[in-house]
Each structure stands twice: as C-alpha cells, then as structure tokens.
Amino acid sequence: MKTVRCDHTEAWGALRGHFEAHGRDLDLREAFARDPGRFEDFSLQAPEVFADLSKNLIDIATRHFLLDLARECGVEGLRDAMLAGEPINGTEGRAVLHTALRAPRGAGPFSDEVHGVLDAMLAYAERVRADADAAGGLTDVVNIGIGGSDLGPAMVVPALDAHAHRGLRLHFVSNVDGHDIAPVLRDLDPARTLFIIASKTFTTQETMANAAVARAWFVERGGRDIARHFVATTTNVQAAAAFGIGTTFGFWDWVGGRYSLWSAIGLPIAIAIGEANFRALLAGAHAMDRHFAEAPAQANLPLQLGLLDVWYRNFHRFPTRCVAPYHQGLRRLPAYLQQLEMESNGKRVDRDGQALPLATSPVVWGEPGTNGQHAFFQMLHQGTDVVPVEFILVRHPAHGHADLHAKLLANGLAQSQALMLGKSADAAAAERAPATSPGLDRAVLARHRSFPGNRPSTTLVLDALTPRSLGALIALYEHRVFTSGALWGINSFDQWGVELGKALCNQLLPRLASGDAGGLDASTAGLLQRLRR
Ligand code: F6P
C-alpha cells in the first residue's frame with residue numbers, strides 16, 4: 001500500500017496553478033451560461049443517491065486535476081487495503097472493517113462471525129418486538145451509550161420512523177448530565193422497559209454512570225429480572241457480565257465507534273424497524289461500498305465528494321460546511337456527521353507523525369430545512385464567509401401531505417438557486433422599496449438588499465427515505481470522509497484527541513468533592529471553588 005500525502009504530489013502544484021489562474025474566480029453563473037451541459041457534466045448517480053455537483057466552484061479542469069491528485073496519492077490502494085482488512089489504523093494497530101458488517105453472508109472478511117452475531121441480534125430484536133405486541137409487554141426501550149454508541153442509532157431511528165414498530169418508544173440517553181436520563185426515567189414502568197447498555201469498551205464514564213443510575217432506578221422501583229430487562233452491546237463481554245448483564249451482543253476491535261451502527265450497536269434500530277428493514281439498511285450500505293470499490297474515479301461519488309472537500313478546504317480555505325437535510329427525519333444527521341467527520345479527520349499530524357502544513361477537517365454543522373432558513377441562512381446568503389451547503393432532498397415523502405412536501409422541495413431548490421444566483425445592487429434598486437424604510441437612501445438600501453451569489457452547494461436527491469437509501473447515504477459519507485483523510489495523509493480511524501480531557505476529568509472529580517485546588521492553574525482553581533460554593 002503506497003500512499004503519498006496530497007501536498008507532496010505534482011497534482012498539488014498543478015491544482016495550485018489552476019486555482020490561481022481560474023479556480024479562485026470561477027463564477028457559477030457564467031459557467032452555466034457558457035456550458036449548457038454543465039448539469040449533466042457534473043451530476044452523478046450512485047446507488048440510491050443522485051448528486052448534483054454542478055453548483056460547485058469547479059470546472060472540467062478542476063475535476064481533471066483533482067482526479068490526478070487521487071491517483072497520485074494512492075487513494076484507491078488505501079481503499080483496497082481497508083476493504084481487505086489490512087491494519088490501516090496504524091496508531092491502534094487495527095484493521096478498519098465496518099464494510100464487512102454489511103457484506104452479504106459468505107462475502108466479506110470474518111463473515112461467519114459477523115453473520116453469527118447479526119442473526120442472533122436480529123432474532124433478539126424480533127423477540128422484543130413480539131413481546132411489545134403481547135398484552136402487558138414491553139413499551140419502552142432505552143439505549144444508554146455515547147458517541148458512536150449513540151449517534152448512529154439516535155439518527156437512524158427517527159429517520160426511519162415510517163418503518164418503526166408503533167407500540168415501542170425508543171429513548172436515547174447519552175449525556176452524563178442527569179437532565180438527560182431523569183426525564184426519560186420519570187415516565188417509565190420498569191416492568192415494561194428494556195435497557196440497552198451500548199459501549200464498545202464498556203468503560204466509558206458517561207455510559208457506565210448512566211447504566212448504574214438505570215439499574216438502581218430499576219431495582220428501587222421493584223424491577224426484579226435484570227437479566228431480562230438489561231442487554232449489552234459491547235466488545236467487552238466480561239465487563240457486561242460483571243455489571244449483571246447476561247445477554248450480550250458482541251463486536252470487534254476493527255469496528256470503530258463512529259462506524260458501529262452496522263454492528264450490534266444497531267440493536268435499537270433493529271428493534272425499531274425489524275429484521276427485514278435492518279437487513280435492507282445493510283444492503284444499501286453494501287451497494288455504496290461496491291460503488292466506492294468499483295466505480296471508475298470520474299463516476300465515483302464518495303471519491304468526488306472527498307476531492308471537493310479538499311479543494312474547498314485547502315484552496316478556497318472554507319472553514320466549515322453546512323448540511324441541510326430537507327427531511328425532518330434526518331434532524332440528527334448533522335450531529336451524526338460531526339462525529340463521523342470531525343473525529344475522523346480532525347487531526348494535525350500525518351500518518352508518519354509529521355505536522356501537517358495544511359488544514360484538515362472543516363467544521364460540519366447544520367439543521368433541517370426549512371428551519372435553518374429562518375435561523376442561520378441569513379449568514380449563508382449575506383455573511384462574510386462562504387460556506388458550501390449540502391442540500392438533501394427526498395422526492396417522495398412518507399406522509400400524505402402533498403402540499404407540504406411540494407413547499408418543502410421548492411424551498412430547498414430555491415435556497416441553492418439563491419445562493420448561486422444572488423441579486424445585484426442594481427436589481428435590488430429596481431425593486432420597490434419596502435414601506436418600512438421610507439427615509440433611507442435608495443442606493444444604501446439596495447446594498448443591504450443585494451446578495452453576492454456565486455456561493456456553492458451540492459444537492460443530494462433520494463427517491464424516498466427508506467432503510468436501503470439511508471444505508472447508502474450513510475456509507476456515502478463514510479467513504480467521502482475516508483477519501484479526504486487519505487488525501488491529507490492522516491489516520492482517520494483513531495481519536496486520541498478525546499483522551500486528555502477524560503484523564504483531567506478523572507483528576508478533577510475527587511477535587512470537586514474535597515476542594516483541593518493545589519497545583520491547578522488559577523482559572524480552573526477559581527472555577528472549582530465557585531462551583532463548590
Ligand atoms: O469520544 C470518544 C469515543 O471513543 C468515541 O470514538 C466512541 O464512539 C465513544 O467514545 C463511545 O465509546 P464506547 O462505545 O466505548 O462507550
């Protein structure tokens with residue numbers, strides 16, 4: 001596996017020259033006027049996901065140089081090494097095989113182990129669903145986990161609400177803040193509740209603390225059968241047993257936390273949507289895996305998106321990217337993507353430990369449309385920073401309110417159009433001034449009412465939000481993050497940056513009780529005393 005960091009390639013120099021000569025000043029409006037085929041040239045169909053890239057600040061030459069970059073960096077070689085189970089997570093000495101979790105039986109590495117746990121987990125999920133159907137059966141399932149043991153299921157369950165069991169409420173508790181678990185427990189009946197303790201390591205402070213609270217609450221409320229009402233999803237079966245949990249679904253160290261919703265960590269999803277739908281979710285992700293592995297570079301959507309991310313981050317120097325799903329079910333997608341992208345690629349040294357001279361992960365953020373339009377879109381249209389936006393539109397809704405859906409889609413289209421077209425001060429001046437600003441100079445008002453335009457966006461279109469299409473969409477994001485990480489030459493699969501805070505927290509916890517501030521910096525000592533007052 002031979003990989004080269006992006007800034008050590010010839011293509012990087014060519015891209016720099018191209019950026020200085022044409023790329024920086026590319027005007028989307030002129031590009032569309034020049035090339036009537038631009039939409040066709042810059043749109044791609046991947047499994048379940050259509051992507052319009054034509055409103056991005058690229059032209060044919062940009063794409064050409066970016067594809068050269070991918071080739072020179074050896075992205076495809078690293079991809080193949082990942083898929084083959086080579087230990088590409090160097091700092092932890094591990095393979096990266098979340099793709100094996102969604103490979104058909106007999107097809108991927110570790111297939112027997114993967115399908116053994118999957119079958120058992122899905123059979124268990126079906127038993128929980130049957131229990132909920134019986135009189136006096138389960139009504140509530142509480143998943144206790146954080147990070148990758150929370151964000152995936154917490155994103156997918158509402159996204160697939162149309163496919164969910166109607167008699168079961170799913171709850172997600174993650175924060176060590178008691179304000180998270182307390183309101184959930186308040187309304188539960190221990191006899192009708194199942195707790196899933198989800199933790200790859202079964203040592204994470206937040207999860208262990210919340211699990212202990214749940215167990216104490218269960219016993220205090222007369223709950224008797226811990227073995228029936230608590231289940232664990234973890235790689236640490238002994239620790240789960242020591243907690244008193246008999247039913248455990250395992251997974252493996254080659255499943256990264258933020259890539260784990262396809263493993264036993266997906267149990268709450270399987271309980272919500274059932275076996276057939278969970279298998280469809282896996283199949284959608286697998287279809288995207290095949291696309292990433294097999295599609296030629298110019299037609300490979302995750303590859304193209306990862307290249308675009310590097311173009312924007314390192315040449316245009318855009319510091320953030322906004323994700324705007326026009327589907328209320330995808331309201332947790334931005335939070336999910338924050339872990340996927342920023343925990344993976346928020347790194348400042350390359351695989352050899354050399355300090356990187358270039359920017360890596362952008363800040364990823366967003367909210368569902370149309371809510372975001374009435375909050376931060378003002379800044380997207382008229383602020384001083386350019387923020388590439390990713391619109392996610394779904395053709396067919398799962399409800400019968402056709403009029404609402406038409407309005408939703410029109411809003412999504414209008415926003416990407418407005419970002420690109422903008423409105424000149426002359427056009428604004430030609431409009432009738434609003435009655436609210438009668439004394440204001442016309443030209444001044446026109447400047448306030450003008451939009452620069454030429455602001456880039458990508459639009460992803462799904463036919464419908466189904467288990468299969470959602471699986472494909474998530475896998476698309478995973479491989480895109482892989483691609484930009486590979487180009488930057490970083491290890492996208494470790495997360496050492498979360499360790500220092502954990503260690504300091506363990507030191508501060510006893511000090512919070514004792515008040516001992518000895519040796520602390522003045523700020524932390526002052527805050528500690530204030531919090532103890
Ligand atoms: O935040 C760090 C992290 O290790 C994540 O990568 C992981 O998803 C999360 O903590 C939870 O870890 P665990 O599943 O072991 O409780």
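The values are calculated or read from the model by the stated rules, or taken from the named source; none is laboratory data. What you see is a predicted model; the values in this text were computed from it and never measured. Every residue, glycine as well, gets a Cβ built from its backbone with ideal geometry; the counts of neighbours run over all protein chains shown.
Could you tell me whether any residue of segment 258-270 is at pLDDT 95 or above and away from the ligand (no atom under 16 Å from the Cβ)? Spell out how you get there, then give the answer.
Taking segment 258-270 as the starting set, the residues that turn out to be at pLDDT 95 or above are 258-270.
Now narrow it down to the ones that are away from the ligand (no atom under 16 Å from the Cβ): 270.
Checking segment 258-270: at least one residue is at pLDDT 95 or above and away from the ligand (no atom under 16 Å from the Cβ).
Which ones in segment 476-501 are touching a Ser or Thr at 6+ places or on another chain (Cβ under 9 Å) and surrounded by fewer than 14 Cβ atoms within 10 Å (Cβ to Cβ)?
Within segment 476-501, just W496 meets the criteria.
Before we move on, is N491 in a loop (DSSP other than H, G, I, E, B) and touching a Lys or Arg at 6+ places or on another chain (Cβ under 6 Å)?
Details: in a loop (DSSP other than H, G, I, E, B): yes; touching a Lys or Arg at 6+ places or on another chain (Cβ under 6 Å): yes.
Yes.
Taking segment 169-195 on its own, how many of its residues are closer than 15 Å to V141 by Cβ, out of contact with any Leu (no Cβ under 7 Å at 6 or more places or on another chain) and not polar (S, T, N, Q)?
Number satisfying all stated conditions: 14.
Which of the residues that make up segment 483-533 are among the polar types (S, T, N, Q) and under 35 Å from the mean Cα position of the chain (by Cα)? Walk me through it before giving the result.
Keep residues of segment 483-533 that are among the polar types (S, T, N, Q), which gives 483-484, 491-492, 495, 506-507, 514, 523-524, 529.
Residues satisfying the conditions are T483, S484, N491, S492, Q495, N506, Q507, S523, T524.
Can you name every residue in segment 271-281 that is surrounded by fewer than 24 Cβ atoms within 10 Å (Cβ to Cβ) and either within 13 Å of the ligand (Cβ to nearest atom) or on the phi < 0 side of the Ramachandran plot (or both)? Spell out how you get there, then give the answer.
Taking segment 271-281 as the starting set, the residues that turn out to be surrounded by fewer than 24 Cβ atoms within 10 Å (Cβ to Cβ) are 274-277, 279-280.
Hits for segment 271-281 are E275, A276, N277, R279, A280.
Return a yes/no flag: does segment 218-231 have any residue that is within 13 Å of the ligand (Cβ to nearest atom) and either farther than 16 Å from G137 by Cα or basic (K, R) (or both). First the steps, then the outcome.
As a first pass, look at segment 218-231 and keep what is within 13 Å of the ligand (Cβ to nearest atom): none.
No, segment 218-231 contains no residue that is within 13 Å of the ligand (Cβ to nearest atom) and either farther than 16 Å from G137 by Cα or basic (K, R) (or both).
Do we have A513 as out of contact with any Asp or Glu (no Cβ under 8 Å at 6 or more places or on another chain) and among the small types (G, A, S) here? Please lay out each step first, then the result.
Details: out of contact with any Asp or Glu (no Cβ under 8 Å at 6 or more places or on another chain): yes; among the small types (G, A, S): yes.
So A513 passes the test.
Would you call A359 in the same structural domain as Y477 (by TED's automatic domain parsing), within 23 Å of the chain's Cα centre (by Cα) and over 18 Å from P456 (Cβ atoms)? Give the steps one after another, and end with the answer.
Numbers: in the same structural domain as Y477 (by TED's automatic domain parsing): yes; within 23 Å of the chain's Cα centre (by Cα): yes; over 18 Å from P456 (Cβ atoms): no.
Answer is no for this residue.
Please find, among L118, L57, the residue that is out of contact with any Pro (no Cβ under 6 Å at 6 or more places or on another chain) and modelled with pLDDT of 95 or more.
Values: L57 fails: out of contact with any Pro (no Cβ under 6 Å at 6 or more places or on another chain).
Unique residue meeting the criteria: L118.
Matching residues to (1) closer than 30 Å to L470 by Cα; (2) exposed (fewer than 15 other Cβ atoms within 10 Å of the Cβ):
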{"site": "A14", "(1), (2)": "no, no"}
{"site": "A21", "(1), (2)": "no, yes"}
{"site": "F42", "(1), (2)": "yes, no"}
{"site": "V49", "(1), (2)": "yes, no"}
{"site": "D52", "(1), (2)": "yes, no"}
{"site": "K55", "(1), (2)": "yes, no"}
{"site": "F65", "(1), (2)": "no, no"}
{"site": "E72", "(1), (2)": "no, no"}
{"site": "V75", "(1), (2)": "yes, no"}
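Report, by residue number, each residue of segment 127-149 that is under 18 Å from T248 (Cβ atoms) and of a type in the set (D, E, K, R).
Taking segment 127-149 and keeping what is under 18 Å from T248 (Cβ atoms), we get 127-128, 141-145, 148-149.
R127, the sole residue that qualifies.
Can you name the residue in segment 410-429 that is touching a residue at least 60 places away in the same chain (Cβ under 8 Å) and touching a helix residue (DSSP H, G or I) at 6+ places or on another chain (Cβ under 7 Å) and is also surrounded by the most Cβ atoms within 10 Å (Cβ to Cβ) among such residues?
L419
Please indicate, with yes or no, whether at least one residue in segment 430-447 is within 16 Å of the ligand (Cβ to nearest atom), aliphatic (A, V, I, L, M) and surrounded by fewer than 17 Cβ atoms within 10 Å (Cβ to Cβ).
So the first thing to find is which residues in segment 430-447 are within 16 Å of the ligand (Cβ to nearest atom), and the list is none.
No - not one qualifying residue is present in segment 430-447.
I need a count of the residues in segment 41-100 that are small (G, A, S) and part of a helix (DSSP H, G or I). Steps first, please.
Filtering segment 41-100 down to residues small (G, A, S) leaves 43, 46, 51, 54, 61, 70, 74, 77, 81, 84-85, 90, 93, 95, 100.
Imposing the further condition that a residue be part of a helix (DSSP H, G or I) reduces the set to 61, 70, 77, 81, 90, 100.
The number of residues fulfilling the criteria is 6.
Mind checking which pairs have a first residue in segment 192-208 that is among the charged types (D, E, K, R) and a second that is near the ligand (Cβ under 6 Å from one of its atoms), Cβ under 8 Å, 6 or more apart or different chains?
These pairs meet every condition: K200/G148; K200/S149; K200/G257; E206/I146.
Residues that are over 25 Å from the mean Cα position of the chain (by Cα) and either more than 19 Å from V117 (Cα to Cα) or not polar (S, T, N, Q) (or both), at least 1 per element: which helices (runs of 4 or more DSSP H) completely within segment 129-242 meet that? Don't jump to the end; show me each part of the working.
On the way: elements: 151-159, 178-186, 205-220, 226-229.
By residue number, 178-186, 205-220, 226-229.
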